[in-house]
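The values are calculated or read from the model by the stated rules, or taken from the named source; none is laboratory data. All figures in this text were calculated on a predicted structure; none of them were measured in a lab. Cβ placement follows ideal geometry from the backbone for every residue including glycine, while neighbour counts extend to all protein chains displayed.
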Amino acid sequence: MNLFVEILAGGVTGGSSILYAALGETISERAGVVNLGTEGSMLGGACAGYAIAAQTGNPWMGAIAGAVAGCLLASVLAYFVLERGSNQLATGLVVLFLALGLTSLFGVAFVSRTITPMAVWDVPLLSEIPAIGPILFQQDPLTYLAYALVPAVWWLLFRSRWGLLIRGAGERTEVLATYGHRVVPTQALAVLIGGALAGIGGAQLSTAYANAWFENMVQGRGFIAVAVVIFANRKPFPVAAGALLFGTALALSPALQSRGYSINQFALHAIPYVATILALVVLARRQADDTPEGLRKVFELSPVH
Amino acid sequence: MRTRRFMAAAIGAALLLSTAACSSNDGGQAASVEGKTAEAPGKASPAVGFIMVGPKDDFGYNQAVYDGAMAVQKAYPEMEVLTAENVPETDEAARVMEGMIKKGAKIIFATSYGHLDAAKTVAAAHPDVVVVHQGGTVDGKMPPNLGTYFGTVYEPVYLAGILAGKATKSNKLGYVYAFPIPQTIANINAFQLGAASVNPKAQTYVVNTSNWCDPAAQAQAAQSLLGQGVDVLTQHQDCTATITKAAEAAGAYVVGYHADASKLAPKGWLGGSEWAWSDLYTDLVKTALAGKFTGSAYNANYRVGFKDGKNPFVVSEFGPSVTDETKAQVATAKQDISTTGSPFKGPITANDGTTVLFAAGEVPAYADVEAKNTMFVEGVVGEIPKK
């Protein structure tokens with residue numbers, strides 16, 4: 001497989017989990033809640049996904065379990081932030097640590113179990129196309145679902161009634177209240193959906209991509225997802241591009257090394273994170289203007305010029 | 001106002017309690033240092049502790065430690081065997097060891113490469129406790145209660161390389177590793193040398209993941225290597241399941257490391273190397289219990305290999321596809337290494353084509369092997385990442 005195709009194909013598979021989490025976080029942030037616990041939801045999803053897939057022998061049950069686990073962890077955040085008014089960023093981190101602890105504890109029993117992983121399914125005809133075929137159409141089912149999810153989330157947020165309520169909650173909650181819609185349930189639903197999607201992303205990581213569970217295996221992908229959402233201005237299509245960018249950055253290192261190019265390993269492994277910083281720097285101004293008003297209050301601690 | 005005062009009082013009480021707890025720690029330590037300096041470290045210890053960097057069923061490094069710990073339990077049923085999993089390679093390790101010492105353990109095994117600093121600190125603070133570290137090297141004077149131990153891992157890896165060299169059809173072997181530490185470089189070189197000894201066209205492609213166990217990175221590395229036409233995979237990682245399963249799924253062969261993962265790859269498993277710590281652990285505990293640790297062979301950088309007949313790293317069971325002819329070749333090679341030979345018997349050149357790592361006819365001693373493996377040997381595709 002040529003280098004370019006391999007990197008992009010690996011980028012799609014690896015970026016798939018980031019994409020799920022990022023789409024979920026898009027919905028959540030549009031509603032005005034930043035969920036730094038996305039990494040925790042992904043971890044919970046990865047652990048639950050693998051565990052249930054091992055118990056039932058069906059990776060789809062694992063994906064559902066992953067969604068449930070991610071949703072439950074997000075509900076902790078939703079309760080403390082929306083019901084009790086605690087700081088969003090701090091609560092998100094607390095949820096992350098909670099997830100780390102819980103998954104380490106309950107996941108130990110599943111490290112040595114094997115599962116039937118989500119098998120790669122080549123789309124007939126489309127996967128034969130040179131270059132594009134292996135990149136886009138030789139993936140696992142959850143990745144294909146993610147392709148459909150991107151326009152679905154776009155339509156949901158920008159063309160549906162419920163999406164209007166979500167965006168309204170993110171801009172000015174008073175507007176929603178004036179029209180008689182309850183704000184907290186709207187925001188809570190957005191957060192829960194965000195958590196569920198992140199959970200599915202985690203499940204994709206453990207049941208389709210790595211075919212293993214190990215403590216802390218998400219390795220920061222949840223945070224990358226949050227960063228992607230921020231610098232893509234919370235729009236589903238740019239978010240998808242960002243997730244692909246990161247997946248590609250993560251796939252770069254093994255692709256180059258296995259061909260004998262020796263680049264400092266630590267530099268290679270830092271590329272995804274350096275790319276985040278660069279993207280944030282380059283896109284900062286436009287991003288600042290596009291942030292929903294309600295969300296700006298969350299970041300009030302750091303002045304945005 | 002009342003809540004604020006209450007909170008202030010609560011915080012003040014918490015601070016007081018924590019300072020009290022800290023100072024009682026110091027007091028306890030001082031007493032043990034004073035009273036026990038004359039006592040031989042580890043003597044008649046009621047408990048023994050093992051700290052591991054990962055989970056005990058990772059099909060790898062830590063599972064082997066756990067199996068060794070259980071062997072100690074079997075040999076000394078009246079002793080309490082304490083194990084701790086997922087102990088990170090930070091100060092946390094020292095805290096966990098201290099906790100075990102409080103529970104009565106006077107013999108502690110710190111089993112991960114990165115636990116060395118914590119092990120040294122704990123050994124210095126508790127002269128009556130034997131602290132042994134797996135895999136490290138202590139330079140200079142060795143304290144009377146500290147020791148490091150390891151086996152010559154590269155010897156069975158060399159033999160496993162023979163299996164890979166015979167099995168490969170594409171002549172491309174893949175090696176996934178974490179960090180270019182001396183042990184790993186020696187392993188990769190030994191693997192390539194073993195393969196080349198039976199198949200001069202064999203080449204080893206190396207990919208690092210900068211992590212002892214990151215399943216996603218391992219999966220990507222495996223896919224990348226398999227996509228290059230590699231048909232035998234092996235690894236130097238703590239958890240071996242992901243790469244083993246990936247090789248089996250792709251119909252490639254896999255050579256194991258750390259533990260026997262053959263049930264994950266019933267068709268592709270060729271063989272491998274695995275730890276068999278039971279004898280070493282049990283003998284070390286026996287020496288310490290008798291109060292004979294200080295000055296013993298273990299109170300040093302203890303390394304044994306096939307030549308001593310006590311290598312704790314042994315060749316795994318062969319897989320179904322290994323022919324009798326190959327098994328015989330492995331046996332001959334093992335015999336040679338156990339007597340006068342070595343996987344690194346010169347002349348060996350580095351893969352830059354010019355640097356000579358081992359001169360013609362040179363058979364390096366165990367103590368020199370890691371220091372002399374500074375570059376990858378000929379046949380390894382890739383370079384050691386520059387600092």
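Quick test for you: out of B:A331, B:A300, B:A371, pick the one residue that is small (G, A, S) and in the same structural domain as B:M142 (by TED's automatic domain parsing). The match here is B:A300.
When the residues of the range B:246-285 are filtered to those that are within 20 Å of B:V53 (Cα to Cα) and part of a loop (DSSP other than H, G, I, E, B), which remaining residue is farthest from the chain's Cα centre (by Cα)? That would be B:A261. Of the residues making up the range B:334-368, those that are among the polar types (S, T, N, Q) and closer than 21 Å to B:I384 by Cα are B:T349, B:N351, B:T354, B:T355.
Residues in the range B:115-134 that are under 17 Å from the mean Cα position of the chain (by Cα) and either crowded, with 19+ Cβ neighbours inside 10 Å or within 13 Å of B:V65 (Cα to Cα) (or both): B:H115, B:L116, B:A118, B:A119, B:V131, B:V132, B:H133, B:Q134. Could you check, for the range B:221-232, whether at least one of its residues is more than 10 Å from chain A (Cβ to nearest Cβ), surrounded by 24 or more Cβ atoms within 10 Å (Cβ to Cβ) and touching a residue at least 12 places away in the same chain (Cβ under 8 Å)? Yes, some residue in the range B:221-232 is more than 10 Å from chain A (Cβ to nearest Cβ), surrounded by 24 or more Cβ atoms within 10 Å (Cβ to Cβ) and touching a residue at least 12 places away in the same chain (Cβ under 8 Å). A single member of A:A255, A:A249, A:A232 is of a type in the set (A, V, I, L, M), surrounded by 20 or more Cβ atoms within 10 Å (Cβ to Cβ) and over 20 Å from B:L225 (Cβ atoms), and it is A:A232. For the range B:294-328, which positions are surrounded by fewer than 18 Cβ atoms within 10 Å (Cβ to Cβ) and under 15 Å from B:L159 (Cα atoms)? Of everything in the range B:294-328, those that are surrounded by fewer than 18 Cβ atoms within 10 Å (Cβ to Cβ) and under 15 Å from B:L159 (Cα atoms) turn out to be B:K307, B:V314, B:E317, B:T323, B:D324, B:E325, B:K327, B:A328. Scanning the range B:196-217 for residues that are outside any strand (DSSP E or B) and either among the hydroxyl-bearing types (S, T, Y) or more than 7 Å from every other protein chain (Cβ to nearest Cβ) (or both) yields B:A196, B:S197, B:V198, B:N199, B:P200, B:K201, B:A202, B:T209, B:S210, B:N211, B:W212, B:A217. Within the range A:106-144, the set of residues being touching a residue at least 24 places away in the same chain (Cβ under 8 Å), more than 30 Å from B:F59 (Cβ to Cβ) and assigned to a helix (DSSP H, G or I) comprises A:P134, A:I135, A:L136. Close contacts from the range B:284-308, counting a first residue that is farther than 19 Å from B:V72 by Cβ and a second that is aromatic (F, W, Y), with Cβ to Cβ under 7 Å and a gap of 6+ residues or different chains, come to B:R303/B:F150; B:R303/B:Y366; B:G305/B:Y366.
Applying the set (1) over 27 Å from A:I277 (Cα atoms); (2) within 14 Å of chain B (Cβ to nearest Cβ) to A:L165 leaves exactly one unmet item: (2). Within the range B:352-387, if we keep just the residues that are β-branched (V, I, T), touching a residue at least 40 places away in the same chain (Cβ under 8 Å) and part of a loop (DSSP other than H, G, I, E, B), the residue that is farthest from B:Y177 (Cα to Cα) turns out to be B:T374. For the range B:118-160, the candidate set comprises residues that are in contact (Cβ under 8 Å) with a residue 12 or more places away in the chain and among the acidic types (D, E); within that set, the residue that is nearest to B:S296 (Cα to Cα) is B:D128.
When the range A:186-229 is filtered for residues that are surrounded by 24 or more Cβ atoms within 10 Å (Cβ to Cβ) and free of Cβ contacts under 8 Å to residues at least 60 places away in the same chain, only A:A210 remains.
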